[in-house]
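Data block below; observations after.
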Amino acid sequence: KDLVEERITVNPEICHGKPTIRNTRYMVESILEYLAGGDSIETILSEFQDLEKEDILACIAYANKVIKFQDISRKAA
């Protein structure tokens, strides 16, 4: 198993079926927003002490897998 399979879960009973970390209420989307906003992995881990570094890495890996299957077009400036 890879990090995504081990740590990212989708459960219709939790967060309306959005991808979460280990069946908790920590949504992958939220963790990615923290990272995109400039927070470091260390900062996130200090804020959410029940998360592990591998959880954050799994969120990044999940985003990588998802983006490979979506056509993302850029708007013309």
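A few points about this structure:
- When the range 11-39 is filtered for residues that are assigned to a helix (DSSP H, G or I) and of a type in the set (Val, Ile, Thr), the ones remaining, listed by number, are Val28, Ile31.
- Being modelled with pLDDT of 95 or more and either open to solvent by less than 60 Å² (accessible area, probe 1.4 Å) or touching a Lys or Arg at 6+ places or on another chain (Cβ under 9 Å) (or both) is a property that Ile60 lacks.
- Residue list for the range 40-67, filter: assigned to a helix (DSSP H, G or I) and without any contact (Cβ under 8 Å) to a residue 24 or more places away in the chain: Ile41, Glu42, Thr43, Ile44, Leu45, Ser46, Glu47, Lys53, Asn64, Val66, Ile67
- Qualifying residues in the range 4-37 (those that are open to solvent by 90 Å² or more (accessible area, probe 1.4 Å) and touching a residue at least 24 places away in the same chain (Cβ under 8 Å)) - the one farthest from Glu52 (Cα to Cα): Glu6
The values are calculated or read from the model by the stated rules, or taken from the named source; none is laboratory data. Since the model is a prediction, treat every value here as computed from it, not as a measurement. All Cβ positions, even for glycine, are placed from backbone atoms using ideal geometry, and neighbour counts span all protein chains on display. Side chains included, ligands, DNA and RNA excluded: accessible areas come from the protein's heavy atoms. Shrake-Rupley method; radii C 1.70, N 1.55, O 1.52, S 1.80 Å.
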